[in-house]
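Below is a structure I'd like to ask you about.
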Amino acid sequence: MYKLQNIDIAVFLRDYWQQKPLLIRQGFKDFQDPIDEHELAGLTEEESVDSRIVNNQDGKWAVEHGPYDDINSHCLGQWSLLVQSVDHYVPDADSLMNTFDFIPVWRMDDLMVSYSNTGAGVGPHLDQYDVFIIQGKGSRRWQVGLPSHYETIRPHRDLSQVTGFEPIIDEVLSAGDIIYIPANHPHNGVALEPCMNYSVGFRAPSQQEMLSSFADYAIDHNTLTQRYKDEALSPREFTGEIKQQEVAQFKALLMQMLQSEQFDQWLPVFLSDNKKADDESNQQIEEFSQQAIIDMLNSGEYFHRNLGVKPIFVEPTTIDKLSIQTFTFYIEGESYSGPAASADIVKKFLSEPFISETVGEIQYSQHQDFTALLTLLVNNGHWYIED
Ligand code: SIN
Ligand code: CO
């Protein structure tokens, strides 16, 4: 449904991604909003949906978090309603986000949707993550500057802004235009009329987050339990002194963890762990047998990947390529394996938003290993059968 245009992906990745902002005029031709403001407001009634309203009334900023009992009572002055992870709830929002999958899906976070009334915005600020902002209906003036040491202000405890940036982009966007803003580039969007914006956000784990997750993984799997061991201890003048050679030994012990096979096992689990995946995807009530799945494939049913499901897998090493027996992929922190012989079929299947009995050369129901896997994925709520 959505087709990205007016961008040369190879040039973009080489010259802009994580380097400089870029305005892409009419990145989507005849852009149709995947959701309207009423549906967006409807989403915020759900407890599980992360939403906020940022408003500015007579120069005073406020932030209110959803869910709301009475949303209208927060829509005061100039206001924006911002809703996270709309790709998990609205199929067309998921499709819109997936047009940016020239960036690996394990780098993608979510699609945030905002609706702003005239004059509204969240103020000039920096984000720690890269973002593509798509202009939906209405128009908005976007200013983007370069990274620098800006003074941060907090006009409200939940609102961080910066002051005094010089825009290098200052343009009015209309429906279908896209602006790419790299992390830490100050920006400010002010609605010139009531408008919708769609932000494709990315994840970039920090060392802290990785260490913490890796430590949890090691504890859960009762692994990496090796302890520090003295190497040729000799009498020393000061008992409190840590020798440089001992510092090096501690470092080596930790470095070993990064070289371990546990690290290789943890990384795709961590990168596939999409915390925001809503619970509904796990609420498959009916359990299907493999035969039932084969029968449904044969009778022409469509199998759809659930919203927000982004399978990932690791490129095999050269040694793996020669010896590997299984193909493993990861969804929401869980691993799934099948024989290496069906890896090509499975990879193709994982990249399709939906499949039916035959796609191209592949006749899915004929592959026992594949249908076993599909059965598991359906029963775990990652794929569903179209009614
Ligand atoms: C928005 O208001 O839609 C986006 C806010 C931003 O991150 O600049
Ligand atoms: Co921003």
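What FRET efficiency comes out for ASP158 versus GLN128 if R0 is 22 angstrom and r is the Cβ-Cβ distance? Round to the nearest 0.05.
That pair, ASP158 with GLN128, gives E of 0.90.
Okay, moving on. In Å², what does the accessible area per residue of the chain work out to with a 1.4 Å probe?
Dividing the accessible area of the chain by its residue count gives 55 Å².
Could you work out how much longer the chain between SER73 and ASP295 gets when fully extended? Use 0.36 nm per residue separation minus the Cα distance between them, nm to one decimal.
This chain segment gains 74.7 nm when fully extended.
Sticking with this one: Sort 312-324, 208-220, 42-54 by the packing proxy (mean of other Cβ within 10 Å over each peptide's residues), most packed first.
42-54, 208-220, 312-324
Give, as ranges by residue number, the residues of segment 93-108 whose backbone N falls under 17 Å from the point 7 Å along Cα→Cβ of GLN18.
Answer for segment 93-108: 101-108.
Now for a different question. Hand me the trypsin sites (Lys or Arg not before Pro) from segment 124-159 located in a DSSP loop with no more than 12 other Cβ atoms within 10 Å, in residue order please.
ARG157
How would you classify segment 9-202 from its alpha-carbon gyration tensor, with a ≥ b ≥ c the square roots of the eigenvalues: rounded for a/c under 1.5, else prolate if a/b is greater than b/c, otherwise oblate?
It is oblate, given that a/c is not under 1.5 and a/b is not larger than b/c.
For every helix of n ≥ 4 consecutive DSSP H residues, a contribution of -39,500 (n - 2.57) applies; sum these over the chain, divide by its total residues, and give [θ] at 222 nm rounded to the nearest 500 deg cm²/dmol.
Value at 222 nm, helices only, nearest 500: -7500 deg cm²/dmol.
To continue, here is another question. Probe radius 1.4 Å, ligands and nucleic acids ignored: give me the carbon and sulfur share of the accessible area of the chain as a rounded percent.
Roughly 49 percent of what the probe reaches on the chain is carbon or sulfur.
Counting other Cβ atoms within 10 Å, keep those with at most 12, restrict to DSSP loop, and tell me which GluC sites (Glu not before Pro) in segment 278-377 are left.
Answer by residue number: GLU286, GLU287, GLU361.
Next question. Distance check, please: which entries in LYS321/LYS348; LYS310/LYS347; LYS20/LYS137; LYS137/LYS310; LYS310/LYS348; LYS29/LYS310 exceed 22 angstrom between their Cα atoms?
In this structure, LYS20/LYS137; LYS137/LYS310; LYS29/LYS310 exceed 22 Å between Cα atoms.
Same structure again: In percent, what relative contact order does segment 307-352 have, based on Cα pairs under 8 Å that are 6 or more apart in sequence?
Once divided by the residue count of segment 307-352, the mean separation gives 33 percent.
Label the chain by shape, choosing from rounded, prolate and oblate, from the square roots a ≥ b ≥ c of the eigenvalues of the Cα gyration tensor; if a/c is under 1.5 it is rounded, and otherwise prolate applies when a/b is larger than b/c, oblate when it is not.
The shape class here is oblate.
Among ASN184, ASN222, ASN197, which one moves the most in a GNM of the chain with springs linking Cα atoms closer than 10 Å?
Between ASN184, ASN222, ASN197, it is ASN222 that shows the largest mean-square fluctuation.
A follow-up question, please. Expressed in nm to one decimal, what extension gain is obtained for the pair PHE263 and GLU209 from 0.36 nm per residue of sequence separation less their Cα-Cα distance?
18.0 nm
Which trypsin sites (Lys or Arg not before Pro) in segment 219-274 sit in a loop by DSSP (not H, G, I, E or B) and have at most 14 other Cβ atoms within 10 Å of their own Cβ?
Filter output for segment 219-274: ARG227, LYS229, ARG236, LYS243.
Which lysines does LYS243 reach when only Cα atoms under 29 Å apart count, and residues fewer than 8 places away in its own chain are ignored?
Leaving aside lysines fewer than 8 places away in the same chain, those within reach of LYS243 are LYS229, LYS251.
Could you tell me how far the Cα centroid of segment 312-339 sits from the Cα centroid of segment 6-64, in Å?
35 Å
Here's a follow-up. How much net charge surrounds LEU233 when only other residues with a Cβ under 11 Å from its Cβ are counted (Lys, Arg +1; Asp, Glu -1)?
Taking every other residue near LEU233 into account, the sum is 0.
The values are calculated or read from the model by the stated rules, or taken from the named source; none is laboratory data. Everything quoted here is computed from the prediction, not taken from an experiment. Glycine gets a Cβ as well: all are built from the backbone with ideal geometry, and neighbour counts include every protein chain shown. Just the protein is used for accessible areas: all its heavy atoms, side chains included, with ligands, DNA and RNA removed. Shrake-Rupley method; radii C 1.70, N 1.55, O 1.52, S 1.80 Å.
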